[in-house]
1. Out of residues 5 or more away from Asn135 or on other chains, whose amide H comes under 5 Å of its own, with H placed 1.01 Å from N in the peptide plane?
2. Using modelled backbone amide H atoms (1.01 Å from N, in-plane), which distant-in-sequence or interchain residues come within less than 5 Å of Ile93's amide H?
3. Provide the per-residue ³J(HN,Hα) series for region 7-15, in order, calculated from phi with Karplus coefficients 6.51, -1.76, 1.60 and θ = phi - 60°, each as a whole number of Hz, with x at glycine and proline positions.
4. Using only alpha carbon pairs under 8 Å that are at least six residues apart, calculate the relative contact order of the chain and give it in whole percent.
5. Could you line up Phe38, Phe10 from fewest to most neighbouring Cβ atoms inside 10 Å?
6. At 222 nm, what helix-only mean residue ellipticity would the chain give, in deg cm²/dmol to the nearest 500, using -39500 (n - 2.57) for each DSSP H run of four or more?
7. Taking the highest mean first, how do the peptides 1-7, 137-143 order by number of other beta carbon atoms within 10 angstrom per residue?
8. Spelling out what I want: for every residue of region 80-86, take phi, set θ = phi - 60°, compute 6.51 cos²θ - 1.76 cosθ + 1.60 (Karplus), and round to whole Hz; glycine and proline get x.
Amino acid sequence: MEQAIANGRFREDLYYRLNEFSITVPPLRERKDDIPLFAAHFLQEANEELGKTIQGISEETLQLLDGYSWNGNLRELRNVIRRAALFTTGDIITPDNLPLLSAPSLKNRAEFGKPLHPKNEQELIETALRRSNGNKTEAARILQIDRKTLYNKMHQYGMKL
């Protein structure tokens, strides 16, 4: 910010007004005890948004979430819980419900101690396509991948484009 002030791109008086209070929020990877609380909150949001009635998250799943580095912080955790809720058919989110198609940092589930299984990935794509009534743009949004990735995966699995 000091450089922007020096270059005349930011008002110095505004900087000092905004800089009166500093709040430091450590990243999620440094607040592992908060993961169950945030995960429960995001599950409640997902239930409301998706019209689901998932009751909770298994202890094993919480342990896996605790062992992850969360480079994307809360947004990444929210996305993981939302996608898991989307594809959960039971009352509890289990490790098998963790997303296979997700942000690049989760694409290889080896970080969670589980390899990526193409059959499961194909099932997730098929589920997203069913829920979107075949709308590929909407299916890609549900999976939180871009449309090109969805088309590439569909081609890879010999699915009808």
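Each reported figure results from applying straightforward, stated rules to the coordinates on display, with no laboratory input. For clarity, every value in this text was computed on a predicted model and none was experimentally measured. All Cβ positions, even for glycine, are placed from backbone atoms using ideal geometry, and neighbour counts span all protein chains on display.
1. Residues meeting the criterion, in which the H sits 1.01 Å from N, do not exist here.
2. Gly56, Ile57, Ser58
3. Each residue's phi maps through the Karplus curve to give 7, x, 9, 8, 6, 5, 5, 5, 4 Hz.
4. 16
5. Phe10, Phe38
6. -15500 deg cm²/dmol
7. The peptides rank, most packed first, as 137-143, 1-7.
8. 3J(HN,Hα) across region 80-86, in whole Hz: 5, 5, 4, 5, 4, 5, 4.
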